[in-house]
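The values are calculated or read from the model by the stated rules, or taken from the named source; none is laboratory data. A quick note: this is a predicted structure, and the numbers were derived from the prediction, not measured. Reconstructed Cβ throughout: ideal geometry from the backbone, glycine too, with neighbour counts over all protein chains shown. Side chains included, ligands, DNA and RNA excluded: accessible areas come from the protein's heavy atoms. Shrake-Rupley method; radii C 1.70, N 1.55, O 1.52, S 1.80 Å.
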Amino acid sequence: MTSWLDDVFGVQKPVIAMLHLAALPGDPGFDSAAGIKAVVERAKQELDALQSGGVDGVMVSNEFSLPYLTKTEPITAITMARVIGELLGDFAVPYGVNVLWDGRASIDLAVATGAQWVREIFTGVYASDFGLWDTNVGEVARHRARIGGAGVKLLFNIVPESAVYLAQRDLASVTATTVFATKPDAICVSGLTAGASTDTQALRVVKDNAGAVPVFVNTGVRAHNAAEQLSIADGAVVGTYFKEDGKFENRAVASRAAELMDAVKEFRTSL
């Protein structure tokens, strides 16, 4: 059975690489002396590395905007649009965006830059490191339609990093009702933080209850476990593994992207 993943990526079990932008204006870690130029230059370098390593897609995020906001300031998406605008001629693979942790801003950015998907927390209420985290998927869905973003695919992260679901519900039930009531285009399953392993059992529970909705393993994919994770999931989102020495704070390098993608391509031959 085909899905929108086939139309967008043209491969089985696509791997989406995270392009983590350096801290932006308004972020505590922003380097105001180096300015936006440095952010753009780093993004260009890392995009080249990821694409040279053979990834199937790229998702641009403000990963270094720590600590995150659940409703971002306008300057964040505005700056990301500026950076992505300077990258448009360099994208050789499909691209998406993620304004952490703001679904509405993510959709705005996708529409403004031509991105094909966004990933965010669109459903649920959580106790998180960022405070009480509430969502309103009905409002966001209507906003997407109102601004002409109906074609933007929504990747729902239903196991958020650094947070716990407030309701006493099991993951199977959350997955089933999310699919039925909120119409995600894909579901992402995460570990505790960026780069942390995703529990294989949790991934299987989501896959078993997602019906025809594609499921992505969202954190912790490495060359040695890619086949195991992708034997369950329909695709993967990878960020930290592609960094030099596999460290979150470092830049993405082509050699690590190629290492993981070689493992994925070998796995695909068995499908």
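Pairs with C-alpha atoms separated by more than 18 Å, drawn from the list Lys183/Lys207; Lys71/Lys183; Lys13/Lys265, are Lys71/Lys183.
Against the globular-protein guess of 2.2 N^0.38 Å, express the Cα radius of gyration of region 12-269 as a ratio, rounded to two decimals.
On the way: Rg = 17.1 Å, N = 258, 2.2 N^0.38 = 18.1 Å.
For region 12-269, the normalised Cα radius of gyration is 0.94.
Just the protein heavy atoms count here, and of the accessible area of region 12-269 at 1.4 Å, carbon and sulfur take up 52 percent.
The spacing between region 59-130 and region 151-217, judged by their C-alpha centroids, is 19 Å. Highest mean first, the peptides 259-268, 167-176 sorted by other C-beta atoms within 10 Å per residue fall in the order 259-268, 167-176.
Here the peptides 139-149, 58-68 are ranked by packing, the mean other Cβ count within 10 Å, and the order with the highest first is 58-68, 139-149. Remark on region 94-208: ratio of C-alpha radius of gyration to 2.2 N^0.38 Å is 1.04. Straight-line cross-link partners of Lys37 among the lysines, defined as a Cα under 16 Å from its Cα and at least 8 positions apart when in the same chain, are absent.
Note on surface exposure: Phe91, Phe180 rank Phe180, Phe91 by accessible area, highest first, 1.4 Å probe. Remark: relative contact order (the chain) = 18 percent; criterion is Cα-Cα distance under 8 angstrom and separation of 6 or more residues. Membrane-span-like helices of the chain, defined as complete DSSP H segments with a Cα extent of 24 Å or more along the helix axis and a mean Kyte hydropathy of at least -1.0, are identified as 35-52. In this structure Ile75 has an accessible area near 70 Å², from a 1.4 Å probe over the protein heavy atoms.
By average Cβ neighbour count within 10 Å, what is the ranking of 202-208, 129-135, 230-236 from highest down? Provide the component values of the computation, followed by the final result.
Values: 202-208: 19.0, 129-135: 14.7, 230-236: 21.7.
Peptide ranking by packing, descending: 230-236, 202-208, 129-135.
Computed over protein heavy atoms with a 1.4 Å probe, the accessible surface of region 12-269 works out to 41 Å² per residue.
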